[in-house]
1. Can you give the FRET efficiency for I204 and Q45, using 1/(1 + (r/R0)^6), R0 = 30 Å, r = Cβ-Cβ distance, to the nearest 0.05?
2. For the chain, with all protein chains present and a 1.4 Å probe, just round the carbon and sulfur fraction of the accessible area to a whole percent.
3. Taking the alpha-carbon centroid of each part, what is the distance from region 143-173 to region 59-107 in angstrom?
4. How far is helix 170-181 tilted off the main Cα axis of the chain, in degrees rounded to 10, range 0 to 90?
5. When the helix-only estimate is applied to the chain (DSSP H runs of n ≥ 4, each -39,500 (n - 2.57), divided by the residue count), what is the mean residue ellipticity at 222 nm, nearest 500 deg cm²/dmol?
6. What pairs from K181/K203; K181/K206; K71/K155; K82/K175; K93/K149 go past 22 Å between their alpha carbons?
7. Kindly give the semi-axes, whole Å and largest first, of the ellipsoid equivalent to region 88-181, taking each as the square root of 5 times a Cα gyration tensor eigenvalue.
8. Roughly how many Å² is the accessible area per residue of region 115-206, as a whole number, for a 1.4 Å probe?
Amino acid sequence: MEMFSELKNSIRSLDINFDEINLKFDSMFKTIAEQQIQIDELTAQLAEHTVKLNDREQHSRSFSVRIFNLKLDKDIASDSMKTATHVYETVLKPILNHALNTKLIPEVPEMLSLIEHCHVVPDRQSKNTTPVIVRFQCRLMRNVILKTKKSVLPKIDALKGISIAEDLTVINYQKLQGLLKKNIKDWSLGGKIMYLDRDGTKKIAK
């Protein structure tokens, strides 16, 4: 009987211990659930801030374009003034002359009146060409370049293969490339990434 009583007391003690363990687990799971809610809230806030920062950065690039596949000598590429002059005479001036002829602009501005800054972007994948970022003094003139480029670049042998695009942030460029990899027709417009869905409806990539 004594052995049975001791066993019974041991079982009772185990029940008490299990109850304590269950209470601890309940408390732990509650803490984890509360922390998960906090994590979800912080993640949502971070995503919101990321979108806002990306929009602000893209807005700051609204005066700029990127020129691709333009061959530059090292001497020119290493000097911002020489780069700006070369880009103006070789690429921009023919486009502006066309804009003048079509009465899109009243006159062709001089280089220093048109370009605020110009510099190359290092590209390890290419030794002969490098992307060039051109920042304009006037956003309207930048838009003229983007609007008129397709009417000029393909018709001039020296400019064939050269492309001009909006200066996109890393996030927006990744959106653009992600859609292209899925064979979805997309383009940038005012810093926004646009695409056509299966129904041919224009949409903004989120």
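1. The value I calculate is 0.85.
2. About 56 percent, which is the carbon plus sulfur part of the accessible surface.
3. 10 Å
4. The angle comes out near 90 degrees.
5. Working: 7 runs with 110 residues, N = 206.
When only DSSP H runs of four or more count, the value is -17500 deg cm²/dmol.
6. Over 22 Å apart, Cα to Cα: K82/K175.
7. Numbers: eigenvalues 117, 47, 45 Å².
That gives 24, 15, 15 Å for the three semi-axes.
8. Working: 6150 Å² over 92 residues.
Computed with neighbouring chains in place, this is 67 Å² per residue.
The values are calculated or read from the model by the stated rules, or taken from the named source; none is laboratory data. Everything quoted here is computed from the prediction, not taken from an experiment. Note that we place each Cβ from the backbone using ideal geometry, even for glycine, and neighbour counts take in every protein chain shown. Note: areas computed on protein heavy atoms with side chains; ligands, DNA, RNA excluded. Shrake-Rupley method; radii C 1.70, N 1.55, O 1.52, S 1.80 Å.
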